[in-house]
Amino acid sequence: MIKLENVSKVYRTSEGEVRALDDVTLTIEQGQFAAVCGPSGCGKSTLLTIAGTLGTASSGKVAIAGSDVGAMSASARAHFRAHQIGFVFQTFHLLPYLTVVENVMAAVVPDQAADAKQRAGEMLEKFQMGHRLNHRPGQLSTGECQRVAIARAMINRPKLILADEPTGNLDPANAKEVLDLLGVFHQDGGTILLVTHEEEAASRAQRTILLDQGRVVSSP
Ligand code: ADP
(Lines give C-alpha, C1' and ligand atoms only; values in the text may rest on other atoms or scores of the structure.)
Protein backbone atom coordinates (compact mmCIF):
# COMPACT_ATOMS: atom_id res chain seq x y z
CA MET A 1 0.00 0.00 0.00
CA ILE A 2 2.89 2.36 0.85
CA LYS A 3 6.30 1.75 -0.65
CA LEU A 4 9.17 4.14 -0.05
CA GLU A 5 12.50 3.44 -1.68
CA ASN A 6 15.56 5.40 -0.63
CA VAL A 7 13.44 8.44 0.16
CA SER A 8 15.12 11.59 1.41
CA LYS A 9 13.56 14.94 2.18
CA VAL A 10 15.69 18.03 2.50
CA TYR A 11 14.14 21.33 3.60
CA ARG A 12 16.09 24.39 2.58
CA THR A 13 15.88 27.25 5.05
CA SER A 14 17.73 30.54 5.44
CA GLU A 15 19.86 28.80 8.05
CA GLY A 16 20.81 25.95 5.74
CA GLU A 17 19.55 22.51 4.87
CA VAL A 18 17.57 20.20 7.15
CA ARG A 19 17.59 16.53 6.17
CA ALA A 20 14.21 15.52 7.63
CA LEU A 21 14.24 12.06 6.01
CA ASP A 22 17.48 10.34 5.17
CA ASP A 23 17.39 7.38 2.78
CA VAL A 24 14.20 5.77 4.09
CA THR A 25 13.16 2.44 2.59
CA LEU A 26 9.90 1.10 3.95
CA THR A 27 6.91 -0.97 2.90
CA ILE A 28 3.50 -0.91 4.58
CA GLU A 29 1.39 -3.76 3.30
CA GLN A 30 -2.28 -3.34 2.48
CA GLY A 31 -4.37 -3.98 5.59
CA GLN A 32 -1.51 -3.25 7.97
CA PHE A 33 -1.83 -0.97 11.01
CA ALA A 34 1.58 0.62 11.58
CA ALA A 35 2.64 3.20 14.15
CA VAL A 36 5.47 5.67 13.55
CA CYS A 37 7.34 6.72 16.68
CA GLY A 38 10.49 8.59 17.60
CA PRO A 39 11.67 11.78 19.29
CA SER A 40 10.40 15.20 18.30
CA GLY A 41 12.01 16.37 15.05
CA CYS A 42 12.95 12.86 13.87
CA GLY A 43 10.86 13.14 10.70
CA LYS A 44 7.53 11.52 11.64
CA SER A 45 5.30 14.26 10.22
CA THR A 46 7.47 14.57 7.14
CA LEU A 47 7.09 10.84 6.53
CA LEU A 48 3.32 11.12 6.87
CA THR A 49 3.23 14.15 4.58
CA ILE A 50 5.10 12.28 1.88
CA ALA A 51 3.06 9.07 2.30
CA GLY A 52 -0.04 11.27 2.05
CA THR A 53 1.21 12.96 -1.14
CA LEU A 54 0.89 16.35 0.58
CA GLY A 55 4.61 16.82 0.12
CA THR A 56 7.11 15.43 -2.35
CA ALA A 57 10.38 13.64 -1.67
CA SER A 58 13.65 15.35 -2.56
CA SER A 59 14.89 12.00 -3.88
CA GLY A 60 13.80 8.38 -3.96
CA LYS A 61 10.61 6.65 -5.05
CA VAL A 62 7.18 6.82 -3.45
CA ALA A 63 4.42 4.43 -4.52
CA ILE A 64 0.98 4.49 -2.89
CA ALA A 65 -1.59 1.81 -3.75
CA GLY A 66 0.60 0.81 -6.67
CA SER A 67 0.82 4.31 -8.17
CA ASP A 68 4.10 6.17 -8.58
CA VAL A 69 2.98 9.42 -6.94
CA GLY A 70 6.28 11.15 -7.58
CA ALA A 71 5.57 10.98 -11.31
CA MET A 72 2.14 12.63 -11.00
CA SER A 73 1.33 16.28 -11.64
CA ALA A 74 0.17 18.28 -8.62
CA SER A 75 -3.45 18.13 -9.78
CA ALA A 76 -3.28 14.36 -10.43
CA ARG A 77 -1.83 13.94 -6.97
CA ALA A 78 -4.63 16.01 -5.42
CA HIS A 79 -7.22 13.86 -7.22
CA PHE A 80 -5.46 10.66 -6.15
CA ARG A 81 -5.23 11.88 -2.54
CA ALA A 82 -8.90 12.84 -2.32
CA HIS A 83 -9.97 9.41 -3.57
CA GLN A 84 -7.48 7.14 -1.85
CA ILE A 85 -6.47 8.65 1.48
CA GLY A 86 -8.21 9.81 4.63
CA PHE A 87 -6.39 12.19 7.00
CA VAL A 88 -6.81 12.66 10.73
CA PHE A 89 -4.84 15.38 12.53
CA GLN A 90 -4.22 16.26 16.15
CA THR A 91 -6.00 19.59 15.73
CA PHE A 92 -9.04 18.26 13.77
CA HIS A 93 -9.08 20.98 11.05
CA LEU A 94 -12.87 21.23 11.03
CA LEU A 95 -14.45 24.22 9.33
CA PRO A 96 -15.97 26.30 12.16
CA TYR A 97 -18.89 27.74 10.16
CA LEU A 98 -20.12 24.37 8.88
CA THR A 99 -22.24 21.92 10.85
CA VAL A 100 -21.04 18.44 11.75
CA VAL A 101 -22.72 16.82 8.77
CA GLU A 102 -21.60 19.64 6.44
CA ASN A 103 -17.99 19.19 7.59
CA VAL A 104 -18.13 15.52 6.66
CA MET A 105 -19.89 16.22 3.34
CA ALA A 106 -17.34 18.91 2.42
CA ALA A 107 -14.79 16.15 1.76
CA VAL A 108 -16.99 14.09 -0.59
CA VAL A 109 -15.56 13.49 -4.07
CA PRO A 110 -17.98 13.41 -7.04
CA ASP A 111 -17.92 9.67 -7.68
CA GLN A 112 -18.73 8.95 -4.02
CA ALA A 113 -21.48 11.55 -3.84
CA ALA A 114 -24.52 9.40 -4.72
CA ASP A 115 -25.39 8.16 -1.21
CA ALA A 116 -22.82 10.18 0.72
CA LYS A 117 -25.33 12.07 2.85
CA GLN A 118 -26.93 8.85 4.00
CA ARG A 119 -23.50 7.31 4.65
CA ALA A 120 -22.44 10.40 6.62
CA GLY A 121 -25.58 10.21 8.77
CA GLU A 122 -25.16 6.49 9.42
CA MET A 123 -21.48 6.83 10.22
CA LEU A 124 -22.02 9.76 12.60
CA GLU A 125 -24.81 7.79 14.27
CA LYS A 126 -22.41 4.87 14.74
CA PHE A 127 -19.81 7.28 16.14
CA GLN A 128 -22.36 8.43 18.80
CA MET A 129 -22.73 11.79 17.03
CA GLY A 130 -26.30 11.33 15.80
CA HIS A 131 -27.57 13.99 18.23
CA ARG A 132 -25.01 16.54 17.06
CA LEU A 133 -25.49 16.52 13.28
CA ASN A 134 -26.45 20.19 13.06
CA HIS A 135 -24.07 21.49 15.70
CA ARG A 136 -21.01 23.52 14.77
CA PRO A 137 -17.49 22.52 15.94
CA GLY A 138 -17.48 25.32 18.56
CA GLN A 139 -20.38 23.56 20.28
CA LEU A 140 -18.58 20.20 20.48
CA SER A 141 -16.10 18.66 22.91
CA THR A 142 -12.62 17.84 21.59
CA GLY A 143 -13.49 14.14 21.54
CA GLU A 144 -16.60 14.87 19.46
CA CYS A 145 -14.55 17.04 17.08
CA GLN A 146 -12.14 14.18 16.47
CA ARG A 147 -15.00 11.75 15.80
CA VAL A 148 -16.32 14.17 13.15
CA ALA A 149 -12.82 14.41 11.66
CA ILE A 150 -12.64 10.61 11.49
CA ALA A 151 -16.04 10.43 9.77
CA ARG A 152 -14.75 13.02 7.28
CA ALA A 153 -11.59 10.94 6.73
CA MET A 154 -13.70 7.86 5.99
CA ILE A 155 -16.53 9.35 3.92
CA ASN A 156 -14.93 8.51 0.56
CA ARG A 157 -14.26 4.94 1.68
CA PRO A 158 -10.47 5.22 1.47
CA LYS A 159 -8.27 2.16 1.83
CA LEU A 160 -5.61 4.17 3.67
CA ILE A 161 -5.85 6.46 6.71
CA LEU A 162 -2.93 8.60 7.80
CA ALA A 163 -3.25 9.90 11.33
CA ASP A 164 -0.87 12.46 12.88
CA GLU A 165 -1.11 12.36 16.71
CA PRO A 166 -4.91 11.88 16.54
CA THR A 167 -5.19 11.41 20.31
CA GLY A 168 -2.73 14.17 21.23
CA ASN A 169 -5.46 16.60 22.34
CA LEU A 170 -7.77 14.08 23.97
CA ASP A 171 -8.33 12.75 27.48
CA PRO A 172 -7.84 8.99 27.94
CA ALA A 173 -11.54 8.10 27.49
CA ASN A 174 -11.86 10.03 24.23
CA ALA A 175 -8.46 8.79 23.06
CA LYS A 176 -9.68 5.22 23.55
CA GLU A 177 -12.81 5.92 21.49
CA VAL A 178 -10.78 7.39 18.65
CA LEU A 179 -8.40 4.41 18.69
CA ASP A 180 -11.40 2.07 18.72
CA LEU A 181 -12.81 3.77 15.60
CA LEU A 182 -9.46 3.44 13.83
CA GLY A 183 -9.35 -0.19 15.01
CA VAL A 184 -12.70 -0.91 13.34
CA PHE A 185 -11.43 0.64 10.09
CA HIS A 186 -8.42 -1.66 10.30
CA GLN A 187 -10.54 -4.74 11.09
CA ASP A 188 -12.59 -3.96 7.98
CA GLY A 189 -9.41 -4.25 5.89
CA GLY A 190 -8.11 -0.66 5.99
CA THR A 191 -4.46 0.32 6.16
CA ILE A 192 -3.38 2.81 8.85
CA LEU A 193 -0.19 4.75 9.37
CA LEU A 194 -0.37 6.39 12.79
CA VAL A 195 2.16 8.91 14.06
CA THR A 196 2.14 8.94 17.83
CA HIS A 197 4.31 9.37 20.86
CA GLU A 198 1.76 7.70 23.12
CA GLU A 199 2.35 4.11 24.16
CA GLU A 200 -1.35 3.37 24.40
CA ALA A 201 -1.90 4.46 20.79
CA ALA A 202 1.20 2.66 19.47
CA SER A 203 0.13 -0.53 21.24
CA ARG A 204 -2.93 -0.73 18.95
CA ALA A 205 -0.70 -1.09 15.90
CA GLN A 206 0.64 -4.37 14.57
CA ARG A 207 4.02 -2.84 13.98
CA THR A 208 6.04 0.14 15.22
CA ILE A 209 8.42 1.96 12.92
CA LEU A 210 10.99 3.86 14.93
CA LEU A 211 12.65 6.91 13.41
CA ASP A 212 15.65 8.85 14.61
CA GLN A 213 17.21 11.83 12.84
CA GLY A 214 15.37 11.03 9.63
CA ARG A 215 16.39 7.39 9.52
CA VAL A 216 14.47 4.21 10.22
CA VAL A 217 16.21 2.65 13.19
CA SER A 218 13.75 -0.17 13.76
CA SER A 219 11.00 -1.51 11.57
CA PRO A 220 10.06 -5.04 12.61
P1 ADP B 1 8.52 15.15 13.85
O2 ADP B 1 7.16 15.03 13.25
O3 ADP B 1 9.15 13.83 14.17
O4 ADP B 1 8.56 16.08 15.04
P5 ADP B 1 9.16 16.67 11.46
O6 ADP B 1 8.94 15.77 10.30
O7 ADP B 1 8.11 17.68 11.77
O8 ADP B 1 9.49 15.78 12.76
O9 ADP B 1 10.53 17.45 11.26
C10 ADP B 1 11.77 16.82 10.93
C11 ADP B 1 12.84 17.88 10.80
O12 ADP B 1 12.56 18.69 9.67
C13 ADP B 1 12.93 18.83 11.99
O14 ADP B 1 14.28 19.16 12.18
C15 ADP B 1 12.12 20.01 11.56
O16 ADP B 1 12.56 21.19 12.18
C17 ADP B 1 12.40 20.05 10.07
N18 ADP B 1 11.27 20.60 9.28
C19 ADP B 1 10.02 20.10 9.20
N20 ADP B 1 9.27 20.82 8.34
C21 ADP B 1 10.08 21.81 7.88
C22 ADP B 1 9.90 22.89 6.95
N23 ADP B 1 8.73 23.09 6.32
N24 ADP B 1 10.95 23.69 6.72
C25 ADP B 1 12.13 23.49 7.33
N26 ADP B 1 12.39 22.50 8.20
C27 ADP B 1 11.37 21.66 8.47
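The values are calculated or read from the model by the stated rules, or taken from the named source; none is laboratory data. These figures come from a predicted structure and were not determined experimentally. With ideal geometry, Cβ positions are generated from the backbone for all residues, glycine too; neighbour counts draw on all protein chains shown. To get the accessible areas, we keep the full protein, side chains included, count just its heavy atoms, and leave off ligands, DNA and RNA. Shrake-Rupley method; radii C 1.70, N 1.55, O 1.52, S 1.80 Å.
Please work out which residue is farthest from the ligand (Cβ to nearest atom), limiting yourself to segment 179-197 and to residues that are touching a Cys at 6+ places or on another chain (Cβ under 9 Å) and farther than 19 Å from ILE64 by Cβ. Restricting to residues being touching a Cys at 6+ places or on another chain (Cβ under 9 Å) and farther than 19 Å from ILE64 by Cβ, the top hit is THR196.
In segment 45-53, is there at least one residue being assigned to a loop (DSSP other than H, G, I, E, B) and within 12 Å of the ligand (Cβ to nearest atom)? Checked against the condition, which is being assigned to a loop (DSSP other than H, G, I, E, B) and within 12 Å of the ligand (Cβ to nearest atom), segment 45-53 yields no hits at all. Would you pick out the residues in segment 10-44 that are open to solvent by 20 Å² or more (accessible area, probe 1.4 Å) and either away from the ligand (no atom under 13 Å from the Cβ) or basic (Lys, Arg) (or both)? Result: ARG12, ARG19, ASP23, THR25, THR27, GLU29, GLN30, GLY31, GLN32, LYS44. Contact map, segment 144-170: residues that are under 11 Å from VAL100 (Cα atoms) paired with residues that are part of a helix (DSSP H, G or I) and among the acidic types (Asp, Glu), Cβ distance under 6 Å, separation 6+ or inter-chain. No pairs are found.
The set of residues from segment 184-209 being over 15 Å from ASP164 (Cα atoms) and open to solvent by 20 Å² or more (accessible area, probe 1.4 Å) comprises VAL184, PHE185, HIS186, GLN187, ASP188, GLY189, SER203, GLN206, ARG207. Cβ-Cβ contacts under 7 Å between residues 6 or more apart (or on different chains), taken from a first residue in segment 13-27 that is more than 10 Å from GLY43 (Cα to Cα) to a second residue that is at pLDDT below 95 and more than 10 Å from the ligand (Cβ to nearest atom), are listed as LEU26/SER219. Counting only residues that are small (Gly, Ala, Ser) and farther than 17 Å from VAL36 by Cα, segment 164-174 holds 1 of them. Within the option set LYS159, LYS176, being under 14 Å from the mean Cα position of the chain (by Cα) and away from the ligand (no atom under 15 Å from the Cβ) holds for one residue only, LYS159. Scanning segment 57-78 turns up no residue that is in a loop (DSSP other than H, G, I, E, B), closer than 25 Å to LEU210 by Cα, at pLDDT 95 or above and more than 16 Å from the ligand (Cβ to nearest atom).
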